[in-house]
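Beneath this line is the structure, given in structure tokens, with notes to follow.
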Amino acid sequence: TTLDTDLKGYVSRDGGTTYTQTPLALDSSITHPTSLLLHCDGSNGGTTFTDSSFWAHTPTVAGNTHTDTAVKKLGTASAQFDGTGDYLDYASSPAFGFGTGDWTIDFWIYASASGFGTFAIPFDFRTDGNSVGSPYLFFDTGNSNIPGFTEGSGTTRCSSNVALSNETWYHIAVVKSSNVTKVYTNGVTGASGTYATEFADTVDYKTTNPLRLGHTTSGSYALNGYLDEFRI
């Protein structure tokens with residue numbers, strides 16, 4: 001929606017007889033709860049990834065990252081990462097600084113036929129190396145691809161402990177609510193397994209963080225698969 005084109009405002013100075021268009025402007029003081037919203041739609045082989053949130057973040061597209069119309073969950077396409085250096089980089093932003101409040105990161109993910117790749121990381125807020133307050137998620141490829149969450153320290157804090165198969169779409173959500181963080185796979189959390197099912201989370205997640213999708217900022221843990229409907 002474009003202000004003053006799609007959405008217009010009018011005022012009357014004579015009691016409603018005549019009206020004049022008045023400029024509209026976004027109020028930067030308003031809280032915008034969606035920090036990033038990627039539908040990953042577009043043509044096959046496209047390299048445009050539109051952020052439909054207020055922030056309209058534009059990524060640096062690395063490697064062969066592209067939209068793929070053959071494998072998708074919703075809409076016209078998904079984002080494909082080939083596990084050999086593909087990723088999307090977003091600059092540090094206040095939208096990625098969660099502080100001590102509640103937040104959710106959720107997305108759909110699909111592993112390629114050969115698997116996710118070693119400890120594949122779908123999102124990483126670190127700049128370089130472990131840093132508490134810069135969270136990331138990984139898939140434990142030595143343990144049925146279950147998702148593991150860390151607040152940035154490198155220690156796995158919690159998991160849904162749900163096994164993931166290749167070439168299957170799964171919905172993953174990392175949710176912090178009232179100082180408790182949990183990981184959900186297709187809405188399921190709390191299964192017994194390798195990792196704790198919840199994390200007593202009092203971490204201050206910094207005021208700003210950069211963001212990388214499809215790869216890590218430290219190491220070679222690239223994602224071999226597809227992301228769709230990524231939302232913070």
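The values are calculated or read from the model by the stated rules, or taken from the named source; none is laboratory data. On a predicted model such as this, the values are computed, not experimentally measured, just so you know. Please note: Cβ atoms are built from the backbone with ideal geometry, for glycine as well, and neighbour counts cover all protein chains shown. Heavy atoms of the whole protein, side chains included, go into the accessibility calculation; ligands, DNA and RNA do not. Shrake-Rupley method; radii C 1.70, N 1.55, O 1.52, S 1.80 Å.
Using a ≥ b ≥ c from the Cα gyration tensor of the stretch 19-77 (square roots of the eigenvalues), is it rounded, prolate or oblate, where a/c under 1.5 gives rounded and otherwise the larger of a/b and b/c decides, a/b for prolate?
prolate
Just the accessible area for D4, please: 1.4 Å probe, Å², rounded to the nearest 10?
About 60 Å², rounded to the nearest 10.
To one decimal place, what Kirkwood hydrodynamic radius in Å is obtained for the stretch 1-134 from all pairs of distinct Cα atoms?
Values: mean 1/r = 0.0549 Å⁻¹.
After inverting the mean inverse Cα-Cα distance, the result is 18.2 Å.
Give me the compactness ratio for the chain, meaning the Cα radius of gyration over 2.2 N^0.38 Å. Don't jump to the answer; show the numbers that get you there.
On the way: Rg = 19.8 Å, N = 232, 2.2 N^0.38 = 17.4 Å.
Here the Cα radius of gyration is 1.14 times the empirical estimate.
Taking only Cα atoms and a 10 Å spring cutoff, compute GNM fluctuations for the chain and point out the largest among D82, D201, D41.
Maximum fluctuation in the GNM of the chain, among the listed residues, is at D201.
Leaving out ligands and nucleic acids, and using a 1.4 Å probe, what accessible area per residue does the chain come to in Å²?
On the way: 10670 Å² over 232 residues.
Accessible area per residue, the chain: 46 Å².
What's the Kirkwood radius of the stretch 80-145 in Å, using all Cα pairs?
Details: mean 1/r = 0.0722 Å⁻¹.
After inverting the mean inverse Cα-Cα distance, the result is 13.8 Å.
For the chain, with all protein chains present and a 1.4 Å probe, just round the carbon and sulfur fraction of the accessible area to a whole percent.
On the way: 5090 of 10670 Å².
Carbon and sulfur atoms account for 48 percent of the accessible area of the chain.
Filter the chymotrypsin sites (Phe, Trp or Tyr not before Pro) in the stretch 167-232 down to the DSSP loop ones having no more than 10 other Cβ atoms within 10 Å, then list what survives.
In loop regions of the stretch 167-232 (DSSP not H, G, I, E or B), there are no sparsely surrounded chymotrypsin sites (Phe, Trp or Tyr not before Pro).
So how strong a dipole does the chain carry about its Cα centre when Lys and Arg Cβ are +1 and Asp and Glu Cβ are -1, to the nearest 20 debye?
Numbers: 11 positive and 22 negative charges, 42 e Å.
Using Cβ point charges on Lys, Arg, Asp and Glu, the chain gives about 200 debye.
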